[in-house]
Amino acid sequence: MDNSISGNALHKAFSSKRLNKVNERKEFFRVDLKEIENVVKNNYNKTVAYKIGWS
């Protein structure tokens with residue numbers, strides 16, 4: 001992901017999926033990779049590439 005997509009923008013997109021509703025500094029969200037891919041593609045017109053596994 002490049003700098004044109006800020007973490008803050010993704011946080012706003014997934015705010016309803018935040019796990020800690022009391023302390024917003026705790027940045028944990030219950031989303032799957034497909035949801036992230038869809039938000040990035042649909043809102044930022046970017047290609048999404050990711051690797052699953054340990055390297």
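Every read-out reported here was derived from the displayed coordinates using simple, explicitly stated rules and does not represent laboratory data. What you see is a predicted model; the values in this text were computed from it and never measured. We place every Cβ from the backbone using ideal geometry, glycine too, and count neighbours over all the protein chains shown.
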Which of the following values of Rg and Dmax of the Cα atoms in Å was calculated from the structure shown: (1) 12.4, 37; (2) 15.2, 51; (3) 12.2, 35? (3)
Order these by the 10 Å Cβ neighbour count, fewest first: E37, E24. E24, E37
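What full-extension length gain, to one decimal in nm, is calculated for R30 and K17 as 0.36 nm per residue of separation minus the Cα-Cα distance?
Numbers: separation 13, 0.36 × 13 = 4.68 nm, distance 0.55 nm.
Result: 4.1 nm gained on full extension.
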Top positive-direction residue, dipole computed over the chain with Cβ charges, set N20, N38, A49: N20
